[in-house]
Amino acid sequence: MTPIRFGSRERQLFGMLQTPSAPPRERAVLICNPFGQEAIRSHRVLRVIADQLARRGHYVLRFDYFG
């Protein structure tokens, strides 16, 4: 897992990029968090999903929205 920042200087976003542990596939996966209480409650399951996708050869990016 690699922490990254992306976006413009004024509005940078923070994300976690997971690189594949299997031979890379053609497609990557972007996981968009829900808002509010749902974001807190779903954090762990989204991390588990990202780990499983990376093990199957996908690049996976999870990020936090600005503000």
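The values are calculated or read from the model by the stated rules, or taken from the named source; none is laboratory data. Keep in mind it's a predicted model, so treat the numbers as computed, not measured. Cβ atoms come from the backbone with ideal geometry, glycine included; neighbour counts cover every protein chain shown. To get the accessible areas, we keep the full protein, side chains included, count just its heavy atoms, and leave off ligands, DNA and RNA. Shrake-Rupley method; radii C 1.70, N 1.55, O 1.52, S 1.80 Å.
Just to be sure I understand, how many residues within the range 30-62 are of a type in the set (Val, Ile, Thr) and surrounded by fewer than 16 Cβ atoms within 10 Å (Cβ to Cβ)? Number of matching residues: 4.
Every residue in the range 1-47 that is among the β-branched types (Val, Ile, Thr) and either in contact with a His (Cβ under 6 Å, 6 or more places away or on another chain) or under 11 Å from residue 63 (Cα atoms) (or both), please.
Let us first name the residues in the range 1-47 that are among the β-branched types (Val, Ile, Thr), namely 2, 4, 19, 29, 31, 40, 45.
The answer is 4, 29, 31.
Among the residues of the range 13-22, those identified as at pLDDT 90 or above and open to solvent by 40 Å² or more (accessible area, probe 1.4 Å) are 14, 16, 17, 19. The residue that is nearest to residue 65 (Cα to Cα), among those in the range 2-35 that are assigned to a loop (DSSP other than H, G, I, E, B) and hydroxyl-bearing (Ser, Thr, Tyr), is 8.
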